[in-house]
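See structure below.
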Amino acid sequence: MADTKVYILDGGRLAMKEYHMYWNAGGEAMVTLPCYSVLIEHDDGRFLFDTGFDLHHFDQFVMPGIAQQSLDQTIPGQLANLGLSPADITHVINSHYHIDHCGGNKHCLHATTICHACELEAARTPEPFEELAYSDQSFAPGLRASEPEIDIYTPRFETLTGDQEIARGVFLFETPGHTNGHYSLMIKLSDRRPMMFTADAAYTARSMETRTISSAHVDPVAACRSLERLNILAQDHDAELFYGHDIEQFGAYRIAPAYYS
């Protein structure tokens, strides 16, 4: 049985005003957010947690210039640095389907796609204020069509509910509020503390320390409870928290081809 390895893939940077990151607690200053994916090398396959953004989509549908991504920072580019291609990914897991977390799904044509059942429904019928957040439908063309069958790129699509251990030592925890179907990820490794990836349930260490949710949310009460839940889970499992968009913390990460095991 091989040891599980975790690679953090650099997906580029986004810029936004601070008040978008901290609800009722931020200012007008522009801040930089890292976007990254997590590749898990496991006996049961290669799992990719989130796939970042598509630069063309941001430039065309959001605002030109606020997203920065080189070819090397795309999913194909990052995998190539490891001697892999998107065809080597067996599972794509999405914390949620906002445009900065699913933009690279479309490259993984042979993977099983996994998400929370509530998240798939939100992507199909978003609230009016979430239309832009869910505007990248490249992972599932036809998702909003009237036909009952989803025409997706990947051969298999699995929806989950509740907390799940999807492979030995790989856990998904429900952390709703930012979106209704948001999942955070924990990975147990042989030679270090477990790694807890919060995704957008906690943007930064400041989010956790001050219990401040992001301005993008569908349920602020649930979002606050999810922050507390992550804190309790981290204590219960002695897990290290890896925040979704913390530029200072990101600078200390081991970035692929380096890895954790």
Inset, instruction - Quick one: work out the % antiparallel among DSSP beta bridges in the range 130-261, nearest 5. - result: 75 percent
Inset, instruction - Tell me the Kirkwood hydrodynamic radius of the range 166-233 in angstroms, computed as one over the mean inverse distance between distinct C-alpha pairs. - result: 12.2 Å
Legend entry - Label-point gap, in nm, between ASP163 and LEU71 - each point 7 angstrom along Cα→Cβ: 4.5 nm
Legend entry - Cα centroid separation, the range 69-121 to the range 190-245 (Å): 22 Å
Legend entry - Area of THR175 that stays accessible when all protein chains are in place (1.4 Å probe, Å², to 10): 0 Å²
Legend entry - Long-range HN-HN contacts of LEU160 with modeled amide H, under 5 Å: CYS115, HIS116, ALA117
Inset, instruction - Amide H neighbours of PHE197 under 5 Å, at least 5 residues apart or on other chains, H built in the peptide plane: list them. - result: LEU185, MET186, ILE187, PHE242
Inset, instruction - Quick one: net charge around SER214, please, counting Lys, Arg +1 and Asp, Glu -1 for every other residue with C-beta under 14 Å from its C-beta. - result: -3
Legend entry - Share antiparallel - DSSP beta bridges, the chain, percent rounded to 5: 65 percent
Legend entry - ³J(HN,Hα) computed for each position of the range 224-233 - Karplus, 6.51 cos²θ - 1.76 cosθ + 1.60, integer Hz, glycine/proline x: 5, 5, 5, 4, 5, 4, 4, 4, 5, 4
Legend entry - Vicinal HN-Hα couplings computed from phi for the range 216-222 (Karplus, 6.51 cos²θ - 1.76 cosθ + 1.60; Hz; Gly/Pro x): 8, 7, 9, 8, x, 5, 4
Inset, instruction - Give, in whole angstrom and from largest to smallest, the semi-axes √(5λ) of the equivalent ellipsoid of the range 1-60, with λ running over the eigenvalues of the Cα gyration tensor. - result: 32, 15, 8
Inset, instruction - Give the relative contact order (percent, whole number) for the range 56-151; include only Cα pairs under 8 Å separated by 6+ residues. - result: 23 percent
Inset, instruction - Would you tally the net charge around PHE61, using a Cβ to Cβ cut-off of less than 12 Å, leaving PHE61 out, and scoring K and R as +1, D and E as -1? - result: -4
Inset, instruction - Please find the FRET efficiency linking ARG254 to GLU209, where r is the Cβ-Cβ separation and R0 is fixed at 25 Å, and quote it to the nearest 0.05. - result: 0.60
Inset, instruction - Enter the accessible area per residue of the chain (Å², integer; probe 1.4 Å; all protein chains in place). - result: 43 Å²
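If we count every other residue with Cβ under 10 angstrom of ALA29's Cβ, Lys/Arg +1 and Asp/Glu -1, where does the sum land?
The answer is -1.
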Legend entry - Mean residue ellipticity (222 nm) of the chain, computed from DSSP H runs ≥ 4 via -39,500 (n - 2.57), nearest 500: -4500 deg cm²/dmol
Legend entry - Whole-number Å³ per residue for the convex hull built on Cα positions in the chain: 119 Å³
Inset, instruction - Obtain the nm distance between the two label points defined at SER85 and ILE232 by a simple spin-label model: each point lies 7 Å from its Cα along the Cα-to-C-beta direction. - result: 4.7 nm
Legend entry - Carbon and sulfur %, accessible surface of the range 80-234 computed with the full protein complex present, 1.4 Å: 51 percent
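The values are calculated or read from the model by the stated rules, or taken from the named source; none is laboratory data. Keep in mind the model is a prediction, meaning the values are calculated, not measured. Don't worry about glycine lacking a Cβ; one is built from the backbone with ideal geometry, like all the others, and counts go over all protein chains shown. Areas reflect the complete protein model, heavy atoms only, side chains present, ligands, DNA and RNA absent. Shrake-Rupley method; radii C 1.70, N 1.55, O 1.52, S 1.80 Å.
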